[in-house]
Amino acid sequence: MKKVRFTESQIVKILKDFESGIDANSLCREHGISKATFYNWRKKYSGMESSDLKRLKDLEEENRKLKQMFADISLDNVMLKDLLGKKF
């Protein structure tokens, strides 16, 4: 079976359809997704707009970059401490 990737805006549209009164079973059948996938999306994206999703993605990317910077600096710090701790 072919795996389909939905964009966040498509997911938000599907959830908006659910909030407008369309049954979850019919939405899952129409879009070819499982109920578990639908409810996971609902838990993660409920109440969000497309602009909120863009902001969320930007913040996640910034967080990833900051974590990488922190890891690099921590490694440099450990190396410097190790170097300064050695007796010559």
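Miscellaneous remarks
- Helical segments meeting 27 Å axial Cα length and Kyte-Doolittle 1.0 threshold in the chain (DSSP H): none
- Of PHE38, PHE70, PHE18, the residue with the greatest mean-square motion in the GNM of the chain, using alpha carbon springs below 10 Å, is PHE70.
- Top of ASN77, ASN40, ASN63 by mean-square fluctuation, Gaussian network on the chain, Cα under 10 Å: ASN77
- Local electrostatic count, MET69, Cβ distance below 14 Å [Lys/Arg +1, Asp/Glu -1]: -1
- GNM flexibility winner over the chain from SER46, SER20, SER34 (Cα, springs under 10 Å): SER20
- Gyration tensor (alpha-carbon) shape descriptor, segment 1-55, a/c threshold 1.5: oblate
- Over the residues of the chain, the helix contribution to mean residue ellipticity at 222 nm works out to -25500 deg cm²/dmol, using -39500 (n - 2.57) for each DSSP H run of at least 4.
All of the numbers you see were taken from the coordinates with simple rules; none came from a lab. Everything quoted here is computed from the prediction, not taken from an experiment. Cβ sites come from the backbone with ideal geometry, for glycine too, and all protein chains shown count toward neighbours.
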